[in-house]
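Colleague: Here it is, the structure, as structure tokens.
The values are calculated or read from the model by the stated rules, or taken from the named source; none is laboratory data. Keep in mind it's a predicted model, so treat the numbers as computed, not measured. Positions of Cβ are backbone-derived with ideal geometry, glycine not excepted, and every protein chain shown enters the neighbour counts. When the accessible area is computed, the model is the full protein with side chains, heavy atoms only, and any ligands, DNA or RNA have been set aside. Shrake-Rupley method; radii C 1.70, N 1.55, O 1.52, S 1.80 Å.
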Amino acid sequence: MSHVDREIASQPDCWRRALQARPAGLPQPGERVAVIGCGTSLYIAQAYAALRESAGLGETDAFAASAYPATRRYDRVVAITRSGTTTEVLAALRQVPGGTETVALTGDLDTPVRDAADTVVDLSFADEQSVVQTRFATTALVQLRAGLGLVPPDLVEQAERAVLAPLAEEVVAAEQFTFLGTGWTVGLANEAALKLREAAGAWTESYPAMEYRHGPISITGPGRAVWFFGAPPAGLVAEVRATGAYASVSPADPLAELVRAQRLAVALAGRRGLDPDRPRNLTRSVVLADAGAEARAVS
């Protein structure tokens, strides 16, 4: 069994532990917040930002750490970084203006992010051996959702079912995958697509669900799959099925659905003879030896 297999299966326990914690430093109602991350952490940031703002708890923006607008004023900046070493995240935290609170959620306390943020949320119990992120990212979002009071009471039980529920043969056998979300689940759709690309080299795309009609539906057809996170917009499932594609729709919490998408990524890797613990061209953390020197050389 791969590291990522074990890490996916451990998510219910990690979520349970996160829900029992009451960490300091998380955003308070009414604060203006920026959330930053890279790769998977960016997509978790997108989901949290949309969820917090839609709940009326404060203006919340999500940025790739490399695109953090240091001149824009926020009450708090939240950094999501599994490794605690990612160059862009550390650089962004150094740019945060004085007087703005910073908090980092990390899987490794013994890293530079410990000194870069005012407060550090310890998620080391959800750290991972695999390059491909699964349980750290979802546990971070569970922790952030708990801080908003927006966690369904049976979320852990839903995750337990998601770990065990069989995947439809139509989706496992598909040659192409499109993930669709609405509101906060757009970030989850982006993350699901990334998981399949990382672990299995699969052809995947992701969009806000209503944007799917404006071009992307043209690639849909038999032998392809469209996976919805959350309730689909009216009429869209019928349009997908009319193309001959498989449509995956579930009443489960979208974060539990992400667990199933992670399992799909591993299943596809197995079918393609790939090792999901060793994705091509990827490392656990992106650390640039001298980003400034590289930029000067390019210019």
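Colleague: Counting only helical runs of four or more DSSP H residues, what would the 222 nm mean residue ellipticity of the chain come to if each run contributes -39,500 (n - 2.57) and the total is spread over all its residues?
Modeller: About -12000 deg cm²/dmol.
Colleague: Still on this structure, I have one more. Excluding W15 itself, calculate the net charge of residues whose Cβ lies under 12 Å from the Cβ of W15, where each Lys or Arg counts +1 and each Asp or Glu counts -1.
Modeller: Spelling it out: positives minus negatives among the neighbours equals -1.
Colleague: Also, quick follow-up: Under a 1.4 Å probe, what is the accessible area of the chain per residue, stated in Å²? Could the numbers behind the result be given before it?
Modeller: Values: 12640 Å² over 299 residues.
Solvent-accessible surface per residue comes out at 42 Å².
Colleague: Would you mind working out the magnitude of the charge dipole of the range 94-177 relative to its Cα centre, with +1 at each Lys and Arg C-beta and -1 at each Asp and Glu C-beta, to the nearest 20 Debye?
Modeller: With Lys and Arg at +1 and Asp and Glu at -1, about 240 debye.
Colleague: When only the heavy atoms of the protein chains count and the probe is 1.4 Å, how do M210, M1 rank by accessible area, highest first?
Modeller: M1, M210
Colleague: Related question: Among G221, Y246, G56, flag the residue with its Cα farthest along the positive direction of the charge dipole of the chain, charges on Cβ as +1 for Lys/Arg and -1 for Asp/Glu.
Modeller: Projecting each Cα onto the dipole axis, the largest value belongs to G221.
Colleague: What are the GluC sites (Glu not before Pro) within the range 31-72 that DSSP puts in a loop, where the Cβ has at most 16 other Cβ atoms within 10 Å?
Modeller: E31, E59
Colleague: Report, to the nearest 10°, how far helix 135-148 tilts away from the longest principal axis of the Cα atoms in the chain, using its own Cα long axis and a range of 0 to 90°.
Modeller: Compared with the principal axis, the helix lies near 70 degrees.
Colleague: To continue, here is another question. Can you give the relative contact order of the range 1-70 as a percent, counting alpha carbon pairs under 8 Å and 6+ residues apart?
Modeller: Working: 63 pairs, mean separation 20.6, N = 70.
Worked out over the range 1-70, it gives 29 percent.
Colleague: Using only Cα atoms, find the angle between the long axis of helix 155-164 and the longest principal axis of the chain, and express it within 0 to 90 degrees, rounded to the nearest 10.
Modeller: On a 0 to 90 degree scale, this one is about 50.
Colleague: Percent of accessible area on the chain owned by carbon and sulfur, 1.4 Å probe?
Modeller: Whole-percent figure for carbon plus sulfur exposure: 51.
Colleague: Leaving out ligands, DNA and RNA but keeping every protein chain, what accessible area does S2 have, in Å² rounded to the nearest 10, with a 1.4 Å probe?
Modeller: Accessible area of S2: about 20 Å².
Colleague: Give the relative contact order (percent, whole number) for the chain; include only Cα pairs under 8 Å separated by 6+ residues.
Modeller: Numbers: 579 pairs, mean separation 58.3, N = 299.
Taking the mean separation of contacting Cα pairs over the length of the chain, I get 19 percent.
Colleague: Suppose R0 equals 25 Å; then what is the FRET efficiency for M1 and E170 from their Cβ-Cβ distance, rounded to the nearest 0.05?
Modeller: Efficiency, rounded to the nearest 0.05: 0.50.
Colleague: Follow-up question, since we're still on this one. Restricting to Cα pairs below 8 Å that are 6+ residues apart, what does the relative contact order work out to for the range 62-166? Please round to a whole percent.
Modeller: Contact order relative to length: 20 percent.
Colleague: Can you work out the FRET efficiency for the pair Q95 and E211, with r the C-beta to C-beta distance and R0 = 25 Å, to the nearest 0.05?
Modeller: Rounded to the nearest 0.05, the efficiency is 0.20.
Colleague: By the scheme Lys and Arg +1, Asp and Glu -1, what is the net charge of all other residues having a beta-carbon under 12 Å from that of G147?
Modeller: Values: positive: R22, R52, R76, R145; negative: E31.
Spelling it out: positives minus negatives among the neighbours equals +3.
Colleague: Here is a further query. Report which label in (1) 20.9, 74; (2) 18.9, 55; (3) 19.8, 64 holds the value of Rg and Dmax of the Cα atoms in Å derived from the coordinates of this structure.
Modeller: Evaluating Rg and Dmax of the Cα atoms in Å on these atoms matches (2).
Colleague: How big is the dipole moment of the chain about its Cα centre under a simple scheme where the beta carbon of each Lys and Arg is +1, that of each Asp and Glu is -1, and everything else is neutral? Debye, nearest 20, please.
Modeller: Charge dipole, the chain, about its Cα centre: 260 debye, nearest 20.
Colleague: Name the shape class, rounded, prolate or oblate, that the alpha-carbon gyration tensor gives for the range 43-101, where a ≥ b ≥ c are the square roots of its eigenvalues, rounded holds for a/c under 1.5, and otherwise prolate holds if a/b is larger than b/c and oblate otherwise. Write down the numbers at each step before the final one.
Modeller: On the way: a/c = 2.15, a/b = 1.29, b/c = 1.66.
Since a/c reaches 1.5 but b/c is at least a/b, the shape of the range 43-101 is classed as oblate.
Colleague: If I8, I219 are ordered by their accessible area, calculated over protein heavy atoms with a 1.4 Å probe, which sequence runs from highest to lowest?
Modeller: Largest accessible area first, the list is I219, I8.
Colleague: Based on the alpha-carbon gyration tensor of the range 102-188 and its eigenvalue square roots a ≥ b ≥ c, which shape applies: rounded if a/c is under 1.5, prolate if not and a/b is larger than b/c, or oblate?
Modeller: Prolate.
Colleague: Same structure again: Quickly work out the Q20-to-A67 label distance, labels modelled 7 Å from Cα along the C-beta direction, and quote it in nm with one decimal.
Modeller: Using points 7 Å along Cα→Cβ, the separation is 3.9 nm.
Colleague: Report the net charge of residues surrounding Y212, where surrounding means a beta-carbon distance below 10 angstrom and charges are Lys +1, Arg +1, Asp -1, Glu -1.
Modeller: Numbers: positive: R213; negative: E205, E211, E239.
Here the charged neighbours net out to -2.
Colleague: Among V172, L26, A159, whose Cα projects farthest towards the positive end of the dipole of the chain, with charges put on the beta-carbon of Lys, Arg (+1) and Asp, Glu (-1)?
Modeller: V172
Colleague: So if we plug the beta-carbon distance of E59 and D122 into 1/(1 + (r/R0)^6) with R0 = 30 Å, what FRET efficiency do we get, rounded to 0.05?
Modeller: 0.65
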